[in-house]
Ligand code: SF4
């Protein structure tokens with residue numbers, strides 16, 4: 001019999017709630033399992049992820065796993081390591097200014113809390129301002145980035161979006177890459193590779 005986690009995964013995969021908002025067929029792209037060590041929550045899949053059905057299969061993903069996490073693609077795409085989800089599980093399409101539309105918040109309200117409940121990860125990583133604001137609407141973004149947080153009593157790390165479009169933020173806060181990132185990388189490597 002299908003357990004409730006598998007049922008949830010199938011329900012999310014079948015979700016087409018945003019068809020009319022997007023104007024095209026929604027394609028939920030996420031991966032991982034109930035025992036993934038890290039639950040990673042970003043904003044929404046990019047167009048390339050939408051087309052290839054592979055999470056973070058874009059320039060941002062490359063920077064995230066190779067430069068920031070400093071782990072191999074094999075370790076990143078190992079379902080026992082990462083459950084990769086987002087505020088919006090589908091690519092939302094382009095807005096009138098040429099950027100991607102904001103992820104639909106109701107997607108997180110409907111699905112994300114159920115995933116958080118099921119996935120027994122050791123830590124949570126939030127990526128991007130939009131994801132951070134969903135969970136911590138009253139705390140300034142830099143404060144979230146430079147301090148460990150908690151969701152449901154679980155250690156939570158907040159990262160800026162690794163997109164190349166975010167250069168201004170990286171220039172404004174150079175201590176993110178020089179000071180905070182090494183601390184974060186240490187936590188991630190401990191969770192992934194420590195036997196304890
Ligand atoms: S974005 Fe979320 S709510 Fe909208 S169709 Fe995709 S899975 Fe469903």
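The values are calculated or read from the model by the stated rules, or taken from the named source; none is laboratory data. From a predicted model like this one, the values you see are computed outputs, not experimental measurements. Please note: Cβ atoms are built from the backbone with ideal geometry, for glycine as well, and neighbour counts cover all protein chains shown.
Meeting the requirement of 1 or more residues that are under 20 Å from residue 56 (Cα atoms), the strands (runs of 3 or more DSSP E) wholly within region 90-196 are 123-127, 154-159. For residue 91, the criteria (1) away from the ligand (no atom under 14 Å from the Cβ); (2) touching a strand residue (DSSP E or B) at 6+ places or on another chain (Cβ under 8 Å); (3) in contact (Cβ under 8 Å) with a residue 60 or more places away in the chain hold in every case but one, which is (1). Determine if region 28-49 includes at least one residue that is within 9 Å of the ligand (Cβ to nearest atom), touching a residue at least 60 places away in the same chain (Cβ under 8 Å) and out of contact with any strand residue (DSSP E or B) (no Cβ under 9 Å at 6 or more places or on another chain). Yes, region 28-49 has at least one match. Scanning region 108-123 for residues that are within 14 Å of the chain's Cα centre (by Cα) and either within 20 Å of residue 161 (Cα to Cα) or more than 10 Å from the ligand (Cβ to nearest atom) (or both) returns 108, 112, 113, 115, 116, 119, 121, 123. If you go through region 156-166 and pick out every residue that is over 15 Å from residue 43 (Cα atoms) and at pLDDT below 95, you end up with 1. Given the structure, is residue 86 under 21 Å from residue 18 (Cβ atoms), in contact with a strand residue (DSSP E or B) (Cβ under 6 Å, 6 or more places away or on another chain) and either loosely packed, with under 12 Cβ neighbours inside 10 Å or free of Cβ contacts under 8 Å to residues at least 60 places away in the same chain (or both)? When the stated conditions are applied, residue 86 passes them. Considering every residue within region 94-107, establish whether at least one is within 24 Å of residue 156 (Cβ to Cβ), modelled with pLDDT of 95 or more, surrounded by 18 or more Cβ atoms within 10 Å (Cβ to Cβ) and away from the ligand (no atom under 16 Å from the Cβ). No: region 94-107 contains no residue that is within 24 Å of residue 156 (Cβ to Cβ), modelled with pLDDT of 95 or more, surrounded by 18 or more Cβ atoms within 10 Å (Cβ to Cβ) and away from the ligand (no atom under 16 Å from the Cβ).
Per this entry, residue 56 is not counted among residues that are within 19 Å of residue 127 (Cβ to Cβ), within 11 Å of the ligand (Cβ to nearest atom) and either within 14 Å of the chain's Cα centre (by Cα) or buried (at least 18 other Cβ atoms within 10 Å of the Cβ) (or both). Annotation: residue 61 fulfils all but one of (1) more than 13 Å from the chain's Cα centre (by Cα); (2) on the phi < 0 side of the Ramachandran plot; the unmet one is (1). Among the residues of region 6-27, those that are within 7 Å of the ligand (Cβ to nearest atom) and touching a residue at least 12 places away in the same chain (Cβ under 8 Å) comprise 12, 15, 17, 18, 26.
Can we say residue 158 is under 19 Å from residue 64 (Cβ atoms), within 18 Å of the chain's Cα centre (by Cα), touching a residue at least 40 places away in the same chain (Cβ under 8 Å) and surrounded by 10 or more Cβ atoms within 10 Å (Cβ to Cβ)? Criteria not met by residue 158. Residues satisfying the criterion are absent from region 170-179 (criterion: closer than 25 Å to residue 81 by Cβ, surrounded by fewer than 16 Cβ atoms within 10 Å (Cβ to Cβ) and modelled with pLDDT under 95).
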